[in-house]
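Every number here is computed from the coordinates shown, using simple stated rules; none is lab data. Note that the coordinates shown come from a computational prediction; the quantities given were computed from them, not determined experimentally. With ideal geometry, Cβ positions are generated from the backbone for all residues, glycine too; neighbour counts draw on all protein chains shown.
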Amino acid sequence: MIEREKIGKPLSRLIKNITIHTLWIYVLAILARESTYPYQIKKKIKEIFLFNPPTVTLYTVIYRLEREGLIAKGDTGSYRITDKGREALKTASNILRELSDKLNHLE
């Protein structure tokens, strides 16, 4: 990820908004690949998306996703994405893709 000191406040806010504030998308993306445990979700987000979400924030997001029926906890404590979660991930991905396309066509 980009060093925040070198990019200025507006871009720093943008990075926070598309990482921490939308952490649920990253959690669903990880779980769409495989069922796993919260500490592994955190590790995979850091490896794949190159940011390290705060642990408490991650667990809060996981709890909310479970409560909303987007993920489900198995008997062993691992989490899996539900059909509702897959649909939410697909919708979020489409929204982000459309935004990116619009921004790229402004140049």
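Put simply, when 62-68, 16-22 are sorted by average Cβ atoms within 10 angstrom per residue, most first, you get 62-68, 16-22.
Placing a pseudo-label 7 Å from each Cα along the Cα-to-Cβ vector at K9 and V56 gives an inter-label distance of 2.5 nm.
Summary of the geometry: the stretch 30-49 and the stretch 50-85, compared by the centres of their Cα atoms, lie 10 Å apart.
Counting only alpha carbon atoms, the long axis of helix 38-49 and the longest principal axis of the chain meet at about 30°. Note on the stretch 4-104: lysine pairs with Cα distance below 17 Å, sequence gap of 8 or more or different chains, count 5.
For the chain, take the longest principal axis of its alpha carbons; what is the angle in degrees between that and the long axis of helix 55-67, to the nearest 10 within 0 to 90? Tilt of helix 55-67: around 60 degrees. Each other residue within a Cβ distance under 14 Å of E68 adds +1 if Lys or Arg and -1 if Asp or Glu, for a net charge of +2.
Taken along the Cα-to-beta-carbon direction at a fixed 7 Å, the label points for R80 and K46 span 2.8 nm. What does a probe at Y39 reach in the stretch 63-90, counting residues whose amide N is under 17 Å from the point 7 Å along Cα→Cβ? 76-79, by backbone N distance to the label point. Computed per residue of the chain from DSSP H runs no shorter than four, each worth -39500 (n - 2.57), the mean residue ellipticity at 222 nm is -20500 deg cm²/dmol.
Axis angle, to the nearest 10 degrees, between helix 9-18 and the longest C-alpha principal axis of the chain: 30 degrees. Values (1) 72; (2) 81; (3) 57 are given for comparison; percent of Cα pairs over 17 Å apart, derived from the coordinates here, is the one labelled (3).
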